[in-house]
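Undergrad: Here's a structure for you.
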Amino acid sequence: MNTAATAFNPACPDNTSIKVDSPTLTEIPVRQERGERAVFCGLTSIIWLHRKIQDAFFLVVGSRTCAHLIQSAAGVMIFAEPRFATAVLEDKDLAGIADCNDEIDRVVERVLQRRPNIKTFFLVSSCPSEVIKLDLGNSAQRLNKIYQGRVRFADYSGSGIETTFTQGEDNCLKSLVEELPNTESKEKNLIIAGTIADVVEDQFKRIFEQLGVENVSFLPARNEEQMPKVGDNTYVLLAQPYLGETTRSLLKRGAKLIQAPFPFGAEGTLEWLRSVAKVWDIPEDKFESVISIPLARARRALTHYQDKLAGKSITFLPDSQLEIPLARFLSRECEMKLKEVGVPFFDRQIIEAEMNLLPADVTLTEGQSLDDQLDRVREDKPDLTVCGLGIANPLEAEDLRTKWSIELMFTPIQGFDQAGDLAELFARPLIRESRLEC
Ligand code: SF4
């Protein structure tokens, strides 16, 4: 039974006092599926991570396929000198004839000569490097000794052996957590974990300042100097729902997780901020005075899309791990009907506050069996299907409207000021369809 599904109407200004119960174990049944998957690999996350961490370099140790994937996905011209590259494994590397470590050292040296401002250097493993058991952890340790703190080396997996592409970011942030400096301060500090656009980060900083929440830092930060410190008085609030490994690493370092819905939409952002206000003991009247104007703005923006989305049905295929919070947003704030919500996998500790806000009769699927899911999409005929790029075109050819889930990773969607934009992302394919029909 769903215990916290308080009705939320974005058009109603009295909803500032909405209460979300403390997270309780939801009883929504979860169907498990295993079979073929169709998702990008974790290398994809380099595209948004390298834009966010402005003094980091990402060196993929992989094949030409890996190089093509990130080059074409990022759409960056070679002469723009992006802060990522691929060290391509040749036949002699795969056969174990060449010493890959010598090659990696040479490539790293060349990169750092050209880019002396790089402070964090990620060695990213791929399917080919993992198949030949190339240990990039050892390489990172060796390089840390050679460069003696001038550049920090970390390694993580971006391979397609993982379940989905957002795990690339989770693995990357986990590798950062292991190196974060310790703090013994008795003052509370807050880490917002998960890559968010700079513009959204600035909006949240302003709100936290107005609330009087001090010592707020972001993981990842824009540069090495601003990376958070962690200790026993650290609280973690997640801005992205796919950070299970990162969260566990932060908890191991003494931090505490603030469980909250994710900051998607007016309601999600309100409850996300409120969860911090509770931990920081901010009086309710102060909280309401700070958030009332941006909240009203978010609600107003949502009303522009509500009539286009209300009553329309939607299916999520498992792809980005954003599916559950987005389904909550679309069902509660845009009145869409959820046909099926598929998620590659989820971590109850992280997603529980969201699960408690889903309609009790939602069909929730964890894992993927692609053919079976596509059969259900054809049968359900949802007005909109959120899915990966590779599946979207065939579904469009069958006259089903789609939204690429990866678009949600490249668009600022968190926070009050992005609530309308988030609704618009889902309304756009439906508006286009209605125009074509006229
Ligand atoms: S890491 Fe694996 S799945 Fe990703 S591009 Fe390289 S070979 Fe393909």
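Each reported figure results from applying straightforward, stated rules to the coordinates on display, with no laboratory input. Just so it is clear, the structure is predicted and the values come from calculations on it, not from any experiment. Positions of Cβ are generated from backbone atoms using ideal geometry, with glycine treated the same way; all protein chains shown enter the neighbour counts.
Undergrad: Out of region 367-408, which GluC sites (Glu not before Pro) are coil in DSSP terms and have no more than 16 other C-beta atoms within 10 Å?
TA: Of the GluC sites (Glu not before Pro), the ones in loops of region 367-408 whose Cβ has at most 16 other Cβ atoms within 10 Å are 398.
Undergrad: Can you give the helix-only mean residue ellipticity at 222 nm for the chain, where every DSSP H stretch with n ≥ 4 adds -39500 (n - 2.57) and the sum goes over all residues, rounded to the nearest 500 deg cm²/dmol? It would help to have the intermediate numbers written out before the result.
TA: Details: 17 runs with 190 residues, N = 438.
Result for the chain: -13000 deg cm²/dmol, rounded to the nearest 500.
Undergrad: Listed here are the pairs 256/339; 308/381; 188/337; 205/278; 229/278; which of them are more than 29 Å apart at the Cα?
TA: Where the Cα-Cα span goes over 29 Å, the pairs concerned are 256/339; 188/337.
Undergrad: How high is the FRET efficiency from residue 297 to residue 71, r the C-beta distance, R0 25 Å, rounded to 0.05?
TA: Efficiency, from the Cβ-Cβ distance: 0.05.
Undergrad: OK, next. Taking 7 Å along the Cα-to-C-beta vector as the label spot, tell me the residue 210-residue 380 distance in nanometres, rounded to one decimal.
TA: Label-label distance for residue 210 and residue 380, simple model: 3.8 nm.
Undergrad: Quick check for you: which residues of region 204-246 have the amide N under 17 Å from the point 7 Å beyond the Cα of residue 186 toward its beta carbon?
TA: The answer is 231-234.
Undergrad: Could you pull out every residue, at least 5 positions away or on a different chain, whose amide H is within less than 5 Å of the one on residue 121? Hs are placed 1.01 Å off N in the peptide plane, and Pro or chain starts have none.
TA: Residues meeting the criterion, in which the H sits 1.01 Å from N, are 57, 152, 153, 154.
Undergrad: What are the ³J(HN,Hα) values, in whole Hz, obtained from phi via the Karplus relation 6.51 cos²θ - 1.76 cosθ + 1.60 with θ = phi - 60°, for each residue of region 331-339 in sequence order, with x given for Gly and Pro?
TA: 7, 8, 9, 10, 6, 7, 9, 8, 7
Undergrad: Which ³J(HN,Hα) values, rounded to whole Hz and listed in residue order, are derived for region 392-407 from phi using the Karplus coefficients 6.51, -1.76 and 1.60 in 6.51 cos²θ - 1.76 cosθ + 1.60 with θ = phi - 60°, glycine and proline given as x?
TA: 4, 4, x, 5, 4, 5, 8, 6, 10, 7, 10, 9, 6, 5, 5, 4
Undergrad: Moving on. Answer with one residue from 226, 247, 273: the one whose Cα lies farthest towards the positive end of the charge dipole of region 189-285, charges on Cβ with Lys, Arg +1 and Asp, Glu -1.
TA: My answer, from the dipole projection, is 247.
Undergrad: Next up: Rounded to the nearest 0.05, what FRET efficiency do residue 232 and residue 145 give with R0 = 30 Å and r taken as the Cβ-Cβ distance? Could you check?
TA: Here the calculated transfer efficiency is 0.50.
Undergrad: So for each of 270-282, 366-378 I average, over its residues, the number of other beta carbons within 10 Å; can you give me the resulting order with the highest mean first?
TA: 270-282, 366-378
Undergrad: So for the pair residue 109, residue 310, with labels modelled 7 Å out along Cα→Cβ, what separation do we get in nm?
TA: 6.8
Undergrad: Something else: Could you give the length gained by full extension between residue 360 and residue 252, i.e. 0.36 nm per residue of separation minus their alpha carbon distance, to one decimal place?
TA: 35.5 nm
Undergrad: Can you give me the distance in nm between label points at residue 345 and residue 372, each placed 7 Å from the Cα along the Cα-to-Cβ direction?
TA: If labels sit at residue 345 and residue 372, their model points lie 1.7 nm apart.
Undergrad: Continuing with this model, one more query. Residue-wise, which Karplus ³J(HN,Hα) couplings in Hz belong to region 209-225, taking 6.51 cos²θ - 1.76 cosθ + 1.60, θ = phi - 60°, and x for glycine or proline?
TA: 4, 5, 6, x, 8, 9, 6, 9, 9, 10, 10, x, 8, 5, 8, 4, 4
Undergrad: What number results when the radius of gyration of the chain, computed over Cα atoms, is divided by 2.2 N^0.38 Å?
TA: After normalising by residue count via 2.2 N^0.38 Å, the value is 1.00.
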